[in-house]
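Since the structure comes first, as structure tokens, the remarks are kept for the end.
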Amino acid sequence: MNIDKLTEVSEQYLPLRDVVFRTIRNDILEGDLKPGERLMEIQISKRLGVSRTPIREAIRMLEREGLVTLIPRRGAFVAEMETKQLNDVLEVRRALEELAAELAAQRITREELEALAAAADEFDQAIETGDANVIAKADEQFHEIIISATGNDKLIELLNSFLKQIYRYRAAYVKHESVYGELKAEHRKILKGLEQGDVDMTMEAMFVHIDRQQKFMQEWCADRAKK
């Protein structure tokens, strides 16, 4: 658990449970806390200098994101990354984001297109850093602009909540340099479809984008299960 991270986030004057939540979440996403590792409240409390109450609240928030598993009479553990769970979340994501692509192609504004083009450029720059967390956040920003462009408040609410649950898989996916070229090309194809107002092109590009991630991560999870 990195105390410097806690200090950095604390400067944003967040509620203490949110500070603890973000600190533990970052450690899980960056691999400092491994799948299957137990979260010991006493150790976390001593290391971060906080009481156990905000830690328990943060753990419940992490459970809702699918990052932590609570086992009765045993405690809290970093959730394993399983093929079944991966398939479940990416199937739902694909359906929702295809709908978002369809609506955005019809409704996106010039300002949103400019923001999306800038986000595509920022994603390309993020790849140059080689930092998976930076790349994942840039990818998330690209998708958030498309989601917002739908103008559908219920879809925006659903997808923004859902994307938090798949952030872990996104972060794991972008750790592989072999996918960088495909990701950049897929973003540009989605952007082109939106710029042209071509619903079919945009939806197809979004399908390919998420389907490729699903297949790659299926193989990755299967390989991990063999070890």
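The values are calculated or read from the model by the stated rules, or taken from the named source; none is laboratory data. Note that the structure is a prediction, hence the values are computed from the model and not measured. In this analysis, Cβ positions are derived from the backbone assuming ideal geometry, glycine residues included, and neighbour counts consider all displayed protein chains. Remember, those area values only see protein heavy atoms, side chains included, never the ligands or the DNA or RNA. Shrake-Rupley method; radii C 1.70, N 1.55, O 1.52, S 1.80 Å.
Considering only protein heavy atoms and a 1.4 Å probe, what is the carbon-and-sulfur percentage of the accessible area of the chain?
On the way: 5520 of 11800 Å².
The nonpolar share, carbon plus sulfur, comes to 47 percent.
To the nearest 10 degrees, how steeply does helix 16-29 sit against the main Cα axis of the chain, on a 0 to 90 scale? Its long axis makes an angle of about 70 degrees. Backbone amide hydrogens, once placed in the peptide plane, bring L39 within less than 5 Å of A76, F77, V78, excluding anything fewer than 5 places away on its chain.
Take a quick pass over the chain and tell me how many lysine pairs come in under 14 angstrom between Cα atoms, counting only ones 8 or more apart or on separate chains. Each step should come with its number before you reach the end.
Working: K84/K215; K137/K164; K137/K175; K184/K192.
The number of close lysine pairs in the chain is 4.
What you get for segment 1-160, charging only the Cβ of Lys and Arg (+1) and of Asp and Glu (-1), is a dipole of about 1240 debye around the Cα centre. Going through (1) 18.6, 56; (2) 23.9, 79; (3) 16.4, 49, the figure that equals Rg and Dmax of the Cα atoms in Å as computed for the structure here is (1). Rounding to the nearest 10 and keeping the result within 0 to 90°, find how far the Cα-based axis of helix 83-107 lies from the longest principal axis of the chain. The answer is roughly 40 degrees. Dividing the helix sum by the residues of the chain, where each DSSP H run of 4 or more adds -39500 (n - 2.57), gives a mean residue ellipticity at 222 nm of -25500 deg cm²/dmol. Solvent-accessible surface of segment 73-227, averaged per residue with a 1.4 angstrom probe and all protein chains in place: 50 square angstrom. In the chain, the longest principal axis of the Cα atoms and the axis of helix 110-129 are about 50 degrees apart. Between amide H atoms placed 1.01 Å from N, distances below 5 Å from V68 occur with E63, A79, all of them 5 or more places distant or on a separate chain. Considering only K34, K192, K84, the mean-square fluctuation computed in a Gaussian network model of the chain, springs between alpha carbons under 10 angstrom, is largest for K84.
Using θ = phi - 60° in the Karplus curve 6.51 cos²θ - 1.76 cosθ + 1.60, the 3J(HN,Hα) couplings for segment 152-157 round to 9, 4, 5, 5, 4, 4 Hz; x is entered for Gly and Pro.
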